[in-house]
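Reading through the structure tokens given below for one structure.
The values are calculated or read from the model by the stated rules, or taken from the named source; none is laboratory data. Bear in mind the structure is a predicted one, so any value in this text is a computation, not a measurement. Cβ atoms come from the backbone with ideal geometry, glycine included; neighbour counts cover every protein chain shown.
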Number of protein chains: 2
Amino acid sequence: MNFMQALRTRWQQADTLVCVGLDPEPARFPAQFANDPDAVFNFCRAIVDATAGYACSFKPQIAHFAALGAEGALTRLIAHIHAAHPGIPVILDSKRGDIGSTAQHYAAEAFDRYAADAVTANPYLGRDSVQPFLDRADRGVVILCRTSNPGAGDLQDLVIDGRPLYQHVAEKVAREWNGHGNCALVVGATWPAQLKEVRAIVGDVPFLVPGVGAQGGDVEAVVTNAKTADGTGLMVSSSRAILYAGNGQDFAAAAADAARALRDEINRYR
Amino acid sequence: MNFMQALRTRWQQADTLVCVGLDPEPARFPAQFANDPDAVFNFCRAIVDATAGYACSFKPQIAHFAALGAEGALTRLIAHIHAAHPGIPVILDSKRGDIGSTAQHYAAEAFDRYAADAVTANPYLGRDSVQPFLDRADRGVVILCRTSNPGAGDLQDLVIDGRPLYQHVAEKVAREWNGHGNCALVVGATWPAQLKEVRAIVGDVPFLVPGVGAQGGDVEAVVTNAKTADGTGLMVSSSRAILYAGNGQDFAAAAADAARALRDEINRYR
């Protein structure tokens, strides 16, 4: 699978810009998983199978697995997505970043060990820290630009030559780091004006947009400010609002309803 | 163990500022590990036991374990350090950073799952992304400031209000994030003048200094520019130059020699 081709195909053929985030928290699982020794995998698999029709991508967040020692479940989950839902790319959300020799090991972790199609990466250490990801031309590299959390501005909004740091990151990625055309950017939904500014800088580089749902971002503002000319260009990520939409026997159907509702709301403004 | 107390005690009692980095690369292991199914653990344990007398801290780099699926070896290695060498703190070098709710899972990964005494963290997402680490007052939080790699300046040297970004990070950490006194900073050995500038900003906040040895940093310049008034304040990190000092039956003795030589060279300039 080529990540960017798969993503564009998926946007068109499935008519959805929803990225389903997989952040397993066993304390929030429905009661039927209480005595399941493989609950993390089984819960996530049920969510994946229920929501696949509405997903342009899946995004497992690695800390939620690592804190539980559930690397095996993560490996099997990604393999399941590839086998059962071919054509839907998987973004490993790990926000890695280290010096070049170590970054090669992180690239091996994401792309070889876990067989992810894309990875999130932190730009603070500069280009050589991201290069081992960039070099894998068939995989996607989703670089933090302007995040959705309250403290995002501590560094990202500091002004250099009249423009905030996050805009410099956007420019570097679009003009210097994207030689293989495999870069995307994380731009949070909580700051719609910033989505528009970054879109103006980077052309049709895809955005991964967290922050709708639990974090309060407005879907209409996100889509109208951040879409590309053809009405795509976005992976609007939702995790908890889909995963924990229901808490009973029908949790998977509730998750599907939440994913479909988000898809429909997004599509209203494309 | 309280990380900062343990580190200061270790500096004084063992008279060493050397941090032994544990970056296992099986392709570089001596021949006797060729058919050892537990080679990662056994190699690292031998290095730990041989170099402990010269170490103020140990720093396993998690990507080297994760790329191999060797989380079990990492867990046992840290447990071995605590059991066999009590009083030597362990820094999990994972450079994590994510929004608050996810950062809590990364704190659980480092401090609960792996029982590390400190963790390295990336500041790009701002204070709330580091807060779950900071809140563990007995653990250390070693925040990236000015790194040692060629691309470090891409973002870290951008100038805001007349001063580079890394100095703003240093100031934020020292003045705002260090309420529990559990912060340290990563400042690379390849830029001695920058070590001096950061030292002037942060008082006696400890530095983790990578970049001597394989990356070419000069020990005399590091120590004279970065030490605190009492001749401590530093963890001078060396990984490959110690781990792979020898490649024969005597690899552990060669590693010990390399660690002792680095300790002695550092102490010449304290």
More than 15 Å from the chain's Cα centre (by Cα), surrounded by 15 or more Cβ atoms within 10 Å (Cβ to Cβ) and under 16 Å from B:Arg199 (Cβ atoms): which single residue out of B:Val223, B:Val236 fits that description? B:Val223
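Look through A:Gly217, A:Gly179, A:Gly203 and report the one residue that is closer than 26 Å to A:Leu22 by Cα and among the small types (Gly, Ala, Ser).
Working: A:Gly179 fails: closer than 26 Å to A:Leu22 by Cα; A:Gly203 fails: closer than 26 Å to A:Leu22 by Cα.
Every option except A:Gly217 fails the conditions.
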Scan segment A:156-167 and give yes if some residue there is within 30 Å of A:Val48 (Cα to Cα), over 17 Å from the mean Cα position of the chain (by Cα) and in contact (Cβ under 8 Å) with a residue 24 or more places away in the chain, otherwise no. no
Of everything in segment B:43-62, what is closer than 20 Å to B:Val119 by Cα and touching a Phe, Trp or Tyr at 6+ places or on another chain (Cβ under 6 Å)? Give them in sequence order. B:Cys56
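It is to be established whether one or more residues within segment B:90-99 are without any contact (Cβ under 8 Å) to a residue 24 or more places away in the chain, surrounded by 24 or more Cβ atoms within 10 Å (Cβ to Cβ), under 14 Å from A:Lys95 (Cβ atoms) and not polar (S, T, N, Q). Explain how you work it out, then say what you get.
As a first pass, look at segment B:90-99 and keep what is without any contact (Cβ under 8 Å) to a residue 24 or more places away in the chain: none.
Checking segment B:90-99: not a single residue is without any contact (Cβ under 8 Å) to a residue 24 or more places away in the chain, surrounded by 24 or more Cβ atoms within 10 Å (Cβ to Cβ), under 14 Å from A:Lys95 (Cβ atoms) and not polar (S, T, N, Q).
Yes/no per residue for (1) surrounded by fewer than 19 Cβ atoms within 10 Å (Cβ to Cβ); (2) within 14 Å of another protein chain (Cβ to nearest Cβ); (3) without any contact (Cβ under 8 Å) to a residue 24 or more places away in the chain:
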{"site": "B:Val202", "(1), (2), (3)": "no, no, no"}
{"site": "B:Val212", "(1), (2), (3)": "no, yes, no"}
{"site": "B:Asp218", "(1), (2), (3)": "yes, no, no"}
{"site": "B:Gly231", "(1), (2), (3)": "yes, no, no"}
{"site": "B:Arg240", "(1), (2), (3)": "yes, yes, no"}
{"site": "B:Leu243", "(1), (2), (3)": "no, yes, no"}
{"site": "B:Ala252", "(1), (2), (3)": "no, no, no"}
{"site": "B:Leu262", "(1), (2), (3)": "no, no, no"}
Using beta carbons and a limit of 9 Å, which pairs, at least six apart or on different chains, have the first residue in segment A:1-23 and under 25 Å from A:Asn42 (Cα atoms) and at pLDDT below 95 and the second one among the β-branched types (Val, Ile, Thr) and surrounded by 24 or more Cβ atoms within 10 Å (Cβ to Cβ)? none
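If I ask for residues that are more than 7 Å from every other protein chain (Cβ to nearest Cβ) and surrounded by fewer than 24 Cβ atoms within 10 Å (Cβ to Cβ), which ones from segment B:120-133 would you list?
B:Gln131, B:Pro132
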Residues of segment B:85-104 being outside any strand (DSSP E or B) and out of contact with any helix residue (DSSP H, G or I) (no Cβ under 7 Å at 6 or more places or on another chain), which ones? B:Pro86, B:Ser101
Just for segment B:148-187: of the residues that are modelled with pLDDT under 95 and either crowded, with 21+ Cβ neighbours inside 10 Å or out of contact with any helix residue (DSSP H, G or I) (no Cβ under 6 Å at 6 or more places or on another chain) (or both), which one is nearest to the other protein chains (Cβ to nearest Cβ)? B:Asn149
Out of the residues in segment B:108-119 meeting the condition of being crowded, with 24+ Cβ neighbours inside 10 Å and small (Gly, Ala, Ser), tell me which one is nearest to the other protein chains (Cβ to nearest Cβ). B:Ala110
Given the structure, is A:Thr102 on the phi < 0 side of the Ramachandran plot and facing chain B (nearest Cβ under 8 Å)? yes
Among residues of segment B:134-144, those that are hydrophobic (A, V, I, L, M, F, W, C) and either in a strand (DSSP E or B) or facing chain A (nearest Cβ under 10 Å) (or both), counted: 4
Filtering segment A:59-77 down to residues that are crowded, with 20+ Cβ neighbours inside 10 Å and assigned to a helix (DSSP H, G or I), which residue is farthest from the other protein chains (Cβ to nearest Cβ)? A:Leu77
Scan segment A:116-133 for residues that are of a type in the set (Gly, Ala, Ser) and part of a strand (DSSP E or B) and report the count. 2
